[in-house]
Amino acid sequence: MADVQGSGKIRWITSIGTGILVAAAGPAIAATSSLSGGIDNRFTDNARRASSNEQSDLETRVNVNVGYLSDPGQCTSAVDMGVGYGYWHEDTFDSEVFTNGTLQGQCELARGLVWQASDTVSHVTRDTRGSDTQDNLTRKNVFRTGPVYTMQLTQVDQLQFSANYENTDFEEPEEQDSERVTGTVAYNHSFSDTLQGGLSASAERTELDTGQELDRESAVVTFNKTWVATQVSGSLGKNRLESRFGSQSISTDGITGTFSLVREITPNSDFTLYADHRLTDRTSTLGLQFDDFNFNLTQSAAVEVTVVRTGYNTRFSDGSTFRAELSASRSDYIQTGEREEQSGIDLGYSRPITQILSWFTDVAYRHQRFEDEGAEDHLAQLSAGLDYQLSQRMDVRSAIGHQRKASDIVSRDYYENWIAVSLNYKFF
């Protein structure tokens with residue numbers, strides 16, 4: 001449910017992941033690459049999204065985006081990264097460098113043995129009860145690497161072993177960083193060309209920089225079924241999480257499962273459904289898989305999470321497009337016993353006016369419930385704008401928007417109106 005701000009989406013990656021993966025990519029030759037840059041200006045009448053003493057300000061962001069995808073080969077790599085610099089003209093917030101993106105790659109070391117690595121940087125909400133302002137965001141860096149070994153037992157039976165090391169770092173020193181080691185063994189059987197099933201077991205050890213340790217084990221049944229226009233996959237099993245800090249130990253058992261449905265309704269429309277339920281911790285990568293989901297970083301590490309998202313996209317004969325997304329999630333923080341629930345809807349429509357000019361509108365609503373406070377938050381957003389193609393390489397986007405947050409906690413109420421103009425240029 002992000003604001004419409006033109007080309008302001010930036011992507012970047014940290015030097016540690018870049019160095020390792022570029023080395024892993026080795027002699028790969030670039031198949032596709034892109035470079036673009038832009039400038040975004042956004043004026044708001046309530047920059048801090050405060051319930052009183054609203055302050056107007058203009059934010060200017062300059063950004064550069066890079067994309068790269070290597071040719072198939074023994075080693076492959078992919079980059080989607082960017083960097084931006086934001087400046088507030090009335091000093092509502094400090095000037096800041098924004099980074100966001102992913103870099104990944106893999107190399108085949110021997111027959112059946114592949115080494116994989118990835119590094120992802122994102123900005124995440126620190127406190128889900130607060131507003132999405134610059135002061136309530138922190139940079140999260142997740143580096144992951146490890147081998148995958150696949151044994152082809154028969155033409156229809158496969159055994160796979162994998163091990164991963166994962167390091168999660170937050171920019172703010174008060175947030176808990178973590179190191180994670182995971183081992184997985186999986187068996188898969190092909191019943192036919194369109195139906196596969198199997199078993200998977202994994203064990204995971206996570207150590208936080210506070211000294212807390214979390215051990216997680218899971219065993220699941222997996223499946224994958226494909227039809228002409230539909231694909232369904234998922235898993236279902238048991239999940240156990242033990243949290244230890246000093247002499248205190250808490251153990252929790254539960255059901256774990258995933259479900260994915262992708263359905264092509266017509267050549268121009270599709271429907272998707274994704275769901276995930278697991279015992280995990282708030283340094284995990286679940287938030288990267290579901291864009292609108294955030295862990296509350298002010299709560300305990302161990303958490304039981306359920307996330308569901310469904311979407312519909314279609315393109316009409318006149319070139320207009322429509323999309324609809326529904327989402328819901330629940331987070332139960334194990335040590336504190338606190339529960340957060342969230343649901344939302346996001347609708348978007350765009351229509352061409354001429355070959356170089358089109359208009360768009362977005363409507364979104366989000367509901368949050370915090371059980372410990374007995375409080376509910378309601379956030380409504382509306383935006384509309386124009387896209388103008390100045391040339392094959394340059395485009396301009398302008399938009400206006402309004403959002404309103406109503407809460408049982410009066411200090412969280414606010415109104416905001418904003419105007420944004422963005423210029424983006426594609427170098428290649």
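The values are calculated or read from the model by the stated rules, or taken from the named source; none is laboratory data. Quantities reported herein were computed from a predicted structural model and do not represent experimental measurements. Neighbour counts are summed over all protein chains in view; Cβ atoms, including those assigned to glycine, are modelled from backbone coordinates with ideal geometry. Heads up: the accessible areas ignore ligands, DNA and RNA and are worked out on the full protein's heavy atoms, side chains in. Shrake-Rupley method; radii C 1.70, N 1.55, O 1.52, S 1.80 Å.
Within the stretch 408-417, the only residue that satisfies the criterion of being open to solvent by less than 40 Å² (accessible area, probe 1.4 Å) and either part of a helix (DSSP H, G or I) or free of Cβ contacts under 8 Å to residues at least 12 places away in the same chain (or both) is 412.
Yes or no, residue by residue, for (1) modelled with pLDDT of 95 or more; (2) open to solvent by 70 Å² or more (accessible area, probe 1.4 Å):
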position	(1), (2)
386	yes, yes
390	no, yes
394	yes, no
397	yes, no
400	yes, yes
419	yes, yes
428	no, yes
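Among the residues making up the stretch 136-178, those that are assigned to a loop (DSSP other than H, G, I, E, B), without any contact (Cβ under 8 Å) to a residue 60 or more places away in the chain and under 23 Å from the mean Cα position of the chain (by Cα) are 171, 172, 173, 174.
In the stretch 128-149, the residue that is farthest from residue 105 (Cα to Cα) out of those that are charged (D, E, K, R) and open to solvent by 20 Å² or more (accessible area, probe 1.4 Å) is 129. Of the strands (runs of 3 or more DSSP E) entirely within the stretch 238-356, those holding at least 2 residues that are of a type in the set (Ser, Thr, Tyr) and over 19 Å from the mean Cα position of the chain (by Cα) occupy 248-266, 321-333, 338-352. Screening 379, 288, 297 for residues that are modelled with pLDDT under 95 and crowded, with 17+ Cβ neighbours inside 10 Å leaves exactly one candidate, 297.
Evaluation of residue 400 against the conditions (1) without any contact (Cβ under 8 Å) to a residue 24 or more places away in the chain; (2) within 25 Å of the chain's Cα centre (by Cα) shows that the sole unmet condition is (2). Open to solvent by 20 Å² or more (accessible area, probe 1.4 Å), touching a residue at least 12 places away in the same chain (Cβ under 8 Å) and among the small types (Gly, Ala, Ser), is that true of residue 117? Criteria not met by residue 117. Scanning the stretch 328-341 for residues that are open to solvent by less than 30 Å² (accessible area, probe 1.4 Å) and not acidic (Asp, Glu) gives 329, 331, 333.
Report yes if residue 303 is surrounded by 19 or more Cβ atoms within 10 Å (Cβ to Cβ) and touching a helix residue (DSSP H, G or I) at 6+ places or on another chain (Cβ under 9 Å), otherwise no. Criteria not met by residue 303.
Scanning the stretch 36-53 for residues that are open to solvent by 60 Å² or more (accessible area, probe 1.4 Å) and either part of a strand (DSSP E or B) or modelled with pLDDT of 95 or more (or both) turns up 39, 43, 48. Against the list (1) open to solvent by less than 60 Å² (accessible area, probe 1.4 Å); (2) at pLDDT below 95; (3) among the aromatic types (Phe, Trp, Tyr), the condition residue 12 fails is (1).
Looking at the structure I just gave you, is residue 125 among the β-branched types (Val, Ile, Thr) and either at pLDDT 95 or above or open to solvent by 40 Å² or more (accessible area, probe 1.4 Å) (or both)? It is false that residue 125 is among the β-branched types (Val, Ile, Thr) and either at pLDDT 95 or above or open to solvent by 40 Å² or more (accessible area, probe 1.4 Å) (or both).
Flag: residue 366 does not match the condition of being basic (Lys, Arg), touching a strand residue (DSSP E or B) at 6+ places or on another chain (Cβ under 7 Å) and loosely packed, with under 15 Cβ neighbours inside 10 Å.
Rundown of residues vs (1) under 24 Å from residue 164 (Cβ atoms); (2) open to solvent by 40 Å² or more (accessible area, probe 1.4 Å); (3) in contact (Cβ under 8 Å) with a residue 40 or more places away in the chain, yes/no style:
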| site | (1), (2), (3) |
| --- | --- |
| 180 | yes, no, yes |
| 200 | yes, no, no |
| 207 | yes, yes, no |
| 220 | yes, no, no |
| 229 | no, no, no |
| 237 | yes, no, no |
